[in-house]
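Asks: Questions regarding the structure given below will be posed in turn.
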Amino acid sequence: MTDTVRNAPATGTGPGRKSGEGGARRVSFAMVLAALGILLLVSATAGMAIGSVHVPPGEVWRIVTHALGADWSAPVPSRAHETIVLKVRAPRVALGAVTGAGLAVVGTAMQALVRNPLAEPYLLGVSSGASLGAVVVIVFGVSLLGPVSLSAAAFAGALLTLLLVYTTARAGGRITSARLVLSGVAVASVLTAVMDLLLLTTGRGNEARAVLAWTLGGLGGVQWGTLWLPGAALLLGTVVLVVQARSLNLLLAGEEAATTMGLDVARFRARMFVLLSLVTGVLVAAAGPIGFVGLILPHIVRLFVGGDHRRVLPTAALAGAVFLIWADVAARTVAAPMEIPVGVLTALCGGPFFLWLMRRDARRDADRGVG
Amino acid sequence: MSATELAVEGLTLTAGAHHLVRDVSLTARPGEVIGLVGPNGSGKSSLLRAVYRVLRPDTGCVRVNGADAWSLPVRRLARTLAAVVQESGAGIDLTVREVVAMGRTPHKRLLDGDTAEDARLIGAALEAVDAAGLAGRSFDRLSGGERQRVLIARALAQQPSLLVLDEPTNHLDIRHQLDVLGILRRLPATVLVALHDLNLAAYYCDRLYVLRAGEVIASGTPAEVLTPYLLAEVYGVTAEVAVHPRTGAPQVTFLPGEPTAAIRPVAPPPHRPAQEGSGGTSPLPEEPGGSSR
């Protein structure tokens with residue numbers, strides 16, 4: 001019987017070979033990143049070109065390069081176009097890219113941390129918690145922390161909600177999809193109700209309407225001056241998560257297995273929950289709760305680069321940025337001159353995707369039961 | 001990698017008011033293969049979970065090379081101890097190679113990449129369990145037996161000097177059962193393994209510990225432990241035990257019917273407390289791995 005062990009099938013990889021057969025099924029990682037990088041540039045250009053006033057892509061580039069101080073770039077013919085591109089569309093595209101990237105990264109990590117493919121900040125009620133935090137600050141006018149009060153309150157709301165949903169859904173060390181999604185939905189409806197109550201009973205009617213619009217998720221009206229905070233949150237979140245990618249991988253094996261491979265699961269999860277809540281809170285404060293980006297993108301990205309978080313996280317960030325830029329372009333144009341909240345559009349794509357994912361997992365479980 | 005010494009001392013584990021394991025002591029000398037047998041619910045898995053540092057002891061301790069496992073950093077312990085546990089994944093699919101690659105994690109710093117040496121170890125681990133052909137496959141789509149072999153490969157890729165396995169032969173067909181136990185036998189590591197099949201345990205293990213209701217009720221070489229009396233006592237079955245002419249290991253044959261007084265010797269089952277056992281009072285049986293080939 002000793003010898004049979006050695007008779008490995010001839011199809012096996014030799015010990016010295018590098019990345020294995022996985023490479024054949026999957027596109028090279030560098031190619032994926034390069035393609036997405038180019039796609040991101042194209043998308044950003046389109047995001048600045050398309051709108052009620054059309055600015056040709058070539059002109060967009062001239063405006064942008066000129067603004068960045070490139071000497072070779074000719075002076076811009078139209079002042080109006082320059083204002084539209086630089087003051088209105090560019091910050092909006094930037095916020096879209098940052099928010100899309102951040103939500104995709106957060107969704108990826110959340111799926112590993114709660115060990116469930118349906119996890120996502122919006123579905124788990126974390127975005128609602130963040131919204132409520134922000135609304136409390138707006139309605140009661142408390143701003144202890146100056147300009148970052150809104151984000152800080154959103155962060156606190158996100159963290160409390162995440163802890164609540166996680167502890168509710170967890171029983172006997174295991175989280176079933178049903179319990180997770182149900183507790184997320186239940187917590188989200190309570191939080192939303194509290195938020196609506198606050199907004200309806202507050203005296204400031206116009207402000208309440210504006211906030212209500214914000215709770216649907218939208219990128220309009222953003223200015224350069226407020227972009228640094230979401231940008232910094234995205235950078236921090238992505239860097240920390242990429243550094244911790246191996247630990248996220250271990251969680252996919254199960255909590256006990258992860259422990260035996262050297263991960264202090266409880267401590268790691270606590271730290272990551274704080275980080276994810278921070279990123280979610282800041283993004284929600286900036287762009288409102290935008291759903292399903294964190295659900296769709298990680299799953300699509302895994303089809304191309306596999307499940308290793310060292311690959312999934314950077315890819316998901318780029319893909320999320322591209323996705324939300326285009327979603328926002330659609331939100332601005334499909335019903336022009338009216339603007340649809342981008343969160344409504346992502347929900348339109350995301351809802352069916354969620355249902356498909358649920359059915360796929362159910363099928364998989366059934367297969368496994370038989371096998 | 002030199003083998004590691006494991007000592008479980010006076011271990012008690014509780015879940016609420018219920019005792020999972022009560023005052024269990026056990027030793028595994030470097031390089032030994034120690035089998036843990038006993039009926040379902042006898043505390044085998046709980047004992048193993050305490051050894052691989054998931055279940056915190058209420059009293060007693062687990063010592064790995066003399067150091068209390070719970071006082072070691074998780075990552076440092078993981079460079080010594082690997083485990084094959086019974087647990088399901090997260091519903092996010094990975095390839096077999098990605099799963100086995102996880103085993104390299106405790107040897108990596110935060111931003112270390114995968115080296116050629118890692119790739120070699122991963123490939124060798126897969127080949128050792130006859131799973132090299134599965135490397136590019138989706139882990140979720142494997143059969144139960146294939147999955148079990150891949151998890152063993154992951155533990156091997158961890159290069160442990162102490163390997164803990166909870167029923168590793170579950171779901172395996174007989175050939176792969178023999179293969180897997182043969183691998184454990186040849187590893188330079190110390191092995192603690194819970195097994196259902198008493199004949200496999202008798203053949204592959206240096207010593208056995210028999211658990212019933214959370215307590216060790218017998219321990220020693222397979223020949224000392226596996227007696228008709230003990231089998232009647234622990235499992236409530238009638239059995240004959242003979243020495244197999246070719247392997248030299250005890251061979252248990254179960255017989256239908258309730259155990260009768262006739263097969264019950266009057267002597268109590270042997271139980272050497274671990275502390276005395278480590279003195280080597282009885283010679284180990286002939287190396288099971290050697291006699292058959």
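Asks: Scan the range A:234-250 residue by residue and report those that are over 17 Å from A:ALA104 (Cβ atoms) and free of Cβ contacts under 8 Å to residues at least 24 places away in the same chain. So that I can check it myself, show each step before the final result.
Replies: Applying the first criterion (over 17 Å from A:ALA104 (Cβ atoms)) to the range A:234-250 yields A:243, A:246-247, A:249-250.
Answer for the range A:234-250, where residues must be over 17 Å from A:ALA104 (Cβ atoms) and free of Cβ contacts under 8 Å to residues at least 24 places away in the same chain: A:VAL243, A:SER247, A:LEU250.
Asks: For A:GLY231, state whether it is touching a Pro at 6+ places or on another chain (Cβ under 6 Å), in contact (Cβ under 8 Å) with a residue 40 or more places away in the chain and within 25 Å of A:GLU339 (Cα to Cα). Before the answer, list the steps.
Replies: Working: touching a Pro at 6+ places or on another chain (Cβ under 6 Å): no; in contact (Cβ under 8 Å) with a residue 40 or more places away in the chain: yes; within 25 Å of A:GLU339 (Cα to Cα): yes.
No, not satisfied.
Asks: Tell me the residue from A:ARG115, A:ARG89 that is among the charged types (D, E, K, R), in contact (Cβ under 8 Å) with a residue 12 or more places away in the chain and out of contact with any Leu (no Cβ under 8 Å at 6 or more places or on another chain), please.
Replies: Working: A:ARG115 fails: out of contact with any Leu (no Cβ under 8 Å at 6 or more places or on another chain).
Of A:ARG115, A:ARG89, the one residue that is among the charged types (D, E, K, R), in contact (Cβ under 8 Å) with a residue 12 or more places away in the chain and out of contact with any Leu (no Cβ under 8 Å at 6 or more places or on another chain) is A:ARG89.
Asks: Which of the residues spanning the range B:24-48 are surrounded by fewer than 23 Cβ atoms within 10 Å (Cβ to Cβ) and assigned to a helix (DSSP H, G or I)?
Replies: Answer for the range B:24-48, where residues must be surrounded by fewer than 23 Cβ atoms within 10 Å (Cβ to Cβ) and assigned to a helix (DSSP H, G or I): B:SER45, B:SER46.
Asks: Need a quick list: helices (runs of 4 or more DSSP H) entirely within the range A:13-96 having at least 1 residues that are in contact with an Asp or Glu (Cβ under 9 Å, 6 or more places away or on another chain) and either at pLDDT below 85 or surrounded by fewer than 18 Cβ atoms within 10 Å (Cβ to Cβ) (or both). Please lay out each step first, then the result.
Replies: Numbers: elements: A:22-25, A:29-49, A:57-67, A:79-83.
Hits in the range A:13-96: A:22-25, A:57-67.
Asks: Any residue that is small (Gly, Ala, Ser), within 23 Å of A:ALA245 (Cβ to Cβ) and touching a helix residue (DSSP H, G or I) at 6+ places or on another chain (Cβ under 6 Å) - is there at least one of those in the range B:99-107? Outline the logic, then answer.
Replies: Keep residues of the range B:99-107 that are small (Gly, Ala, Ser), which gives B:101, B:103.
Next cut, within 23 Å of A:ALA245 (Cβ to Cβ) only: B:101, B:103.
The next check asks that each one be touching a helix residue (DSSP H, G or I) at 6+ places or on another chain (Cβ under 6 Å); those that pass are B:101, B:103.
Yes: the range B:99-107 contains one or more residues that are small (Gly, Ala, Ser), within 23 Å of A:ALA245 (Cβ to Cβ) and touching a helix residue (DSSP H, G or I) at 6+ places or on another chain (Cβ under 6 Å).
Yes/no matrix, rows are residues, columns are (1) surrounded by 20 or more Cβ atoms within 10 Å (Cβ to Cβ); (2) within 17 Å of A:ALA152 (Cβ to Cβ):
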{"residue": "A:LEU219", "(1), (2)": "yes, no"}
{"residue": "A:THR226", "(1), (2)": "no, yes"}
{"residue": "A:LEU236", "(1), (2)": "no, yes"}
{"residue": "A:ASN249", "(1), (2)": "yes, no"}
{"residue": "A:ALA253", "(1), (2)": "yes, no"}
{"residue": "A:LEU263", "(1), (2)": "yes, no"}
{"residue": "A:PHE268", "(1), (2)": "no, no"}
{"residue": "A:LEU278", "(1), (2)": "yes, yes"}
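Asks: Right, next: Sort out which residues of the range A:141-166 are more than 16 Å from A:GLU120 (Cα to Cα), in a helix (DSSP H, G or I) and out of contact with any helix residue (DSSP H, G or I) (no Cβ under 7 Å at 6 or more places or on another chain), and write them in order of number.
Replies: Correct list: A:GLY146, A:PRO147, A:ALA152.
Asks: Quick one: would you say A:ALA134 is among the aliphatic types (A, V, I, L, M) and surrounded by 24 or more Cβ atoms within 10 Å (Cβ to Cβ)? If you could, list the steps in order and put the result at the bottom.
Replies: Numbers: among the aliphatic types (A, V, I, L, M): yes; surrounded by 24 or more Cβ atoms within 10 Å (Cβ to Cβ): yes.
When the stated conditions are applied, A:ALA134 passes them.
Asks: Among the residues that make up the range B:135-147, is at least one of them crowded, with 22+ Cβ neighbours inside 10 Å, of a type in the set (A, V, I, L, M), within 10 Å of chain A (Cβ to nearest Cβ) and assigned to a helix (DSSP H, G or I)?
Replies: no
Asks: Does B:LEU81 qualify as being surrounded by 21 or more Cβ atoms within 10 Å (Cβ to Cβ), hydrophobic (A, V, I, L, M, F, W, C) and away from chain A (no Cβ under 12 Å)? Reasoning before the result, please.
Replies: Values: surrounded by 21 or more Cβ atoms within 10 Å (Cβ to Cβ): yes; hydrophobic (A, V, I, L, M, F, W, C): yes; away from chain A (no Cβ under 12 Å): no.
In short, no.
Asks: Here is a follow-up. What single numbered condition from (1) within 7 Å of chain A (Cβ to nearest Cβ); (2) part of a helix (DSSP H, G or I) fails to hold for B:LEU151?
Replies: (1)
Asks: For B:LEU187, indicate whether it is surrounded by fewer than 21 Cβ atoms within 10 Å (Cβ to Cβ) and either at pLDDT 95 or above or within 14 Å of another protein chain (Cβ to nearest Cβ) (or both). Steps first, answer last, please.
Replies: Working: surrounded by fewer than 21 Cβ atoms within 10 Å (Cβ to Cβ): yes; either at pLDDT 95 or above or within 14 Å of another protein chain (Cβ to nearest Cβ) (or both): yes.
It is true that B:LEU187 is surrounded by fewer than 21 Cβ atoms within 10 Å (Cβ to Cβ) and either at pLDDT 95 or above or within 14 Å of another protein chain (Cβ to nearest Cβ) (or both).
The values are calculated or read from the model by the stated rules, or taken from the named source; none is laboratory data. Since we're looking at a predicted model, the values are computed, not measured. In this analysis, Cβ positions are derived from the backbone assuming ideal geometry, glycine residues included, and neighbour counts consider all displayed protein chains.
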